[in-house]
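Before any comments, here is the structure.
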Amino acid sequence: MLPSDYWEIRNTKKKGRGLFAKKEIPKGTIIGDYLGKVIHPRDAVVDEENFYLMYYHDSAAIVPEIDKPGVHLLNHSCVPNAWLFIYKGHTLAFALRQILKGEELTIPYLLSPKDEFCKPCLHVCKCGHLRCNKTMHLSKDKYDSWRKFNDKWTKITKRERIRYGKDLPLLPIYPEKISEDYIKGVNLLFKIN
Ligand SMILES: [Zn+2]
């Protein structure tokens with residue numbers, strides 16, 4: 001996680017708590033690693049209260065400690081200023097562009113297309129952006145192209161071993177910045193900036 005002089009937790013009007021920049025965060029900067037307890041996806045319960053849960057990959061999900069500050073506090077936006085990058089199997093949040101002091105840090109939740117399990121759907125978006133899609137689910141086309149792009153980049157580094165029921169440990173070393181090629185690819189795919 002970026003040192004705490006970079007961010008603060010504040011309450012938002014419609015989305016519960018959120019992370020806000022206390023000073024400028026340069027483009028490509030890693031904001032934090034999505035940490036928590038590793039569980040098998042079949043043991044995952046996703047409802048309004050367990051909304052923090054994050055799929056790690058097909059065989060593991062992460063349950064964060066909700067009382068601790070972390071990447072799990074990042075709210076979704078349809079036009080986010082931060083994004084996710086899979087590095088050695090870890091999900092890192094990073095600044096997709098320069099983030100200014102006072103801005104809320106937001107990521108896309110990149111949910112798979114709405115299916116019959118999402119009824120009633122809890123993933124209604126309230127980001128308030130002019131280009132808000134009103135949902136955190138991606139369309140099938142967008143989701144498929146995101147998967148393809150993400151898979152290609154995910155394979156560049158090898159997953160660290162995981163242990164069910166244990167906390168995901170910090171990596172010994174993190175990249176200094178996220179590659180410009182990756183950022184360009186995201187912008188090309190989602191036309192954010
Ligand atoms: Zn939205």
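The values are calculated or read from the model by the stated rules, or taken from the named source; none is laboratory data. Since this is a predicted model, take the numbers as computed values, not measurements. Please note: Cβ atoms are built from the backbone with ideal geometry, for glycine as well, and neighbour counts cover all protein chains shown.
Thr106 passes every criterion in (1) in contact with a Lys or Arg (Cβ under 7 Å, 6 or more places away or on another chain); (2) within 14 Å of the ligand (Cβ to nearest atom); (3) among the β-branched types (Val, Ile, Thr) apart from (1).
Here's the yes/no breakdown for (1) closer than 24 Å to Glu104 by Cα; (2) assigned to a loop (DSSP other than H, G, I, E, B):
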position	(1), (2)
Gly128	yes, yes
Lys142	no, no
Ser145	no, no
Lys148	no, no
Lys152	no, no
Arg161	no, yes
Gly165	no, yes
Asp181	no, no
Lys184	yes, no
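Is it true that some residue in region 56-68 is under 12 Å from the mean Cα position of the chain (by Cα) and either within 16 Å of the ligand (Cβ to nearest atom) or of a type in the set (Lys, Arg) (or both)? No, that holds for no residue. Within region 168-193, the only residue that satisfies the criterion of being over 18 Å from the mean Cα position of the chain (by Cα), of a type in the set (D, E, K, R) and surrounded by 10 or more Cβ atoms within 10 Å (Cβ to Cβ) is Glu180.
A count restricted to region 1-33 and to residues that are out of contact with any helix residue (DSSP H, G or I) (no Cβ under 7 Å at 6 or more places or on another chain) and either free of Cβ contacts under 8 Å to residues at least 12 places away in the same chain or more than 15 Å from Arg97 (Cβ to Cβ) (or both) stands at 18.
Need the failing condition index for Pro113 against (1) more than 24 Å from Ser179 (Cα to Cα); (2) under 13 Å from the mean Cα position of the chain (by Cα), just the number. Unmet condition: (2). Of the residues making up region 89-107, those that are part of a loop (DSSP other than H, G, I, E, B) and modelled with pLDDT of 95 or more are Leu96, Arg97, Gln98, Leu100, Lys101, Gly102, Glu103, Leu105.
Quick one: would you say Ala44 is hydrophobic (A, V, I, L, M, F, W, C), closer than 27 Å to Ser139 by Cα, touching a helix residue (DSSP H, G or I) at 6+ places or on another chain (Cβ under 6 Å) and without any contact (Cβ under 8 Å) to a residue 40 or more places away in the chain? It is false that Ala44 is hydrophobic (A, V, I, L, M, F, W, C), closer than 27 Å to Ser139 by Cα, touching a helix residue (DSSP H, G or I) at 6+ places or on another chain (Cβ under 6 Å) and without any contact (Cβ under 8 Å) to a residue 40 or more places away in the chain.
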